[in-house]
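Take a look at the structure below.
The values are calculated or read from the model by the stated rules, or taken from the named source; none is laboratory data. Keep in mind the model is a prediction, meaning the values are calculated, not measured. Note that we place each Cβ from the backbone using ideal geometry, even for glycine, and neighbour counts take in every protein chain shown.
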Amino acid sequence: MIEAMIQSPFVEIALLLVLAAGIGFVGIMLQQPLIVSFIAVGLLVGPSALDLVRADAQITLLSQLGIAILLFLVGIKLDVKLIRSLGAVSLLTGLGQIAFTAIFGFLIGLALGLGVTTSFYVAIALTFSSTIIIVKMLSDRREIDSLHGQIALGLLIVQDIVVVLAMIVLSAIGIGAAGDGHGGGSVPLVLASGVGMLAAVIAFARYVADPLTERLARTPELLLIFAIALAAMFAAIGDVVGLGKEVGGLLAGVALASTPYRETIAARLAPLRDFLLLFFFIGLGAGLDLSLLGTYAWAALVFSAFVLIGKPLIMLGIMGALGYRKRTGFLAGITVAQISEFSLIFIAMGVTIGHVEQDALGLVTMVGLVTIAASTYMITYSHQLYTIFEPWLGVFERKSTPRDNQDAARTGDHHQVVIFGLGRFGTAIGLRLQRRGIKVLGVDFNPAAARRWRDMGLDTAFGDATDPEFVADLPLAGADWIVSTVPIHPASLSHEDTRITLIQLARAAGYRGQIAVTSHHAPETQRLRDAGADLVLEPFQDAADRAADLLSGGAGKDGADRPLRFADNALDA
């Protein structure tokens, strides 16, 4: 009956979305990432269950666009500053984890009789960890700014670079190979095209990216459309010349990686990426034949055990050798106890090229389901797990562990005040706080205001105060105050209030400090306090009180307790 109802690709995709929403909700209740739920949807609608997938071309198209945007976001966030800030730690832990995981994974594959090429592909796939899952879990647990969280982020950047190199190598190997996803052409022609694309990216990033994105940022919707268009265009060019959509999308991201608006672009593209990747994971699950599960069930269990136990132990050993305490090594190691969405894409590219069979993709997909599902609970209860295993972890700790204290001091350097809204009032507050030795971060969605703050030598972040991902990514953990000076007009009071939204998002992101907001209208002051504001600043009233004090020759009794003066005292403290 259901099959008879599906008469068009639109109806089929609508049904897939409904199933994804329902199963995704169940997954969230079970504290599972959406990747697991989406693959489960694919298994449900695949040939081994309901067998409802008919719109293969449409699903493939959407999944390819999702992969291009995913690689675009990897390219746009390729930031080597974090690696430099952590020194050799990121490189040694990242490269060491990749090397040892690949070596042991390859040997395990050979022992299971997978063959040299398949063992090599599977071993490389096991080395990658999911950036999306790790960052989400660390952010939810308010550990993104912790020492082990920062080490995990540095390791992920190294992994991203290795992913990039691995896919470029695969694209080069696949030049001229038959199959969807790569264009034909001779090796010299493809290499020349690749050099040409890279030169175009360098020229664009150096001479065009900053002024163009600053202009586009005045219309945020156009900036978003431009980013999607750039990712799709480069992916298409990469596909035509034989480098592949993945490398093309990556180069598009690199072209914008140096712009000050990259974080905003990444935050706004993240929901679209997740939506489009839904179809990649659905297609992946739908392509699995559960009747063949027994052929690689044992191998999947062995590899899953290696990822869940072996990768954290490898991290513990490397970090212990570098002088970190066993607790730091354990908590950082737990975060990498899963494989990545890139692992699946990497194996899928190998299938496209013809190096490995479809069974290898099914094997790695099963490993992904097991490790992603299990590691979610491992990260959630990482501190409890450490308490259980702590007596046996002493072998991973040196007697002298200087790095913990050294890096903890570095990662503990935070802004004391975060100001949203860099107009005249916000700028005046920021400058006066800076003169008092207070470290301030300014946030604004106006490119000109953000640039003006940077020109004054103040730390600045360009972004939207109503964007949940952007607010969650800000360094709020060490801030004493959040101050909103975003102007609100009377006509907007019946609609969304940016100040109240910011209060809610900051609290949802785990911020425990105090929040001050501005009010230009007396009736809304109590409403803001009820919404959670610790302090409501009234600029005109405060200025009038200060003027009256000066004109009358001193501070009167009424002026002594005005909110602005209280705010100054609190901030000085």
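A few remarks follow.
- Per-region count, region 512-524, residues assigned to a loop (DSSP other than H, G, I, E, B) and touching a helix residue (DSSP H, G or I) at 6+ places or on another chain (Cβ under 9 Å): 4
- Residue tally, condition under 16 Å from VAL163 (Cα atoms) and of a type in the set (Gly, Ala, Ser), over region 104-142: 4
- Top-ranked residue of region 452-469 - restricted to ones that are without any contact (Cβ under 8 Å) to a residue 40 or more places away in the chain, part of a loop (DSSP other than H, G, I, E, B) and not small (Gly, Ala, Ser), ranked as surrounded by the most Cβ atoms within 10 Å (Cβ to Cβ): LEU458
- From the list ALA205, ALA227, ALA209, the one residue that fits, being modelled with pLDDT of 85 or more, under 21 Å from the mean Cα position of the chain (by Cα), small (Gly, Ala, Ser) and within 30 Å of ARG452 (Cα to Cα), is ALA227.
- Filter pass, ILE372 being in contact with a Pro (Cβ under 7 Å, 6 or more places away or on another chain), part of a helix (DSSP H, G or I) and touching a residue at least 12 places away in the same chain (Cβ under 8 Å): yes
- Within region 525-545, the only residue that satisfies the criterion of being surrounded by 18 or more Cβ atoms within 10 Å (Cβ to Cβ), in a helix (DSSP H, G or I) and touching a residue at least 24 places away in the same chain (Cβ under 8 Å) is LEU528.
- Of the residues making up region 388-425, those that are under 29 Å from the mean Cα position of the chain (by Cα) and modelled with pLDDT under 80 are ARG403, ASP404, ASN405, GLN406, ASP407, ALA408, ALA409, ARG410, THR411, GLY412, ASP413, HIS414.
- Subset tally (residues that are modelled with pLDDT of 70 or more and surrounded by fewer than 21 Cβ atoms within 10 Å (Cβ to Cβ)) for region 167-187: 2
- Restricting ALA321, ALA297 to those that are under 23 Å from LEU91 (Cα atoms) and surrounded by fewer than 17 Cβ atoms within 10 Å (Cβ to Cβ) reduces the list to ALA321.
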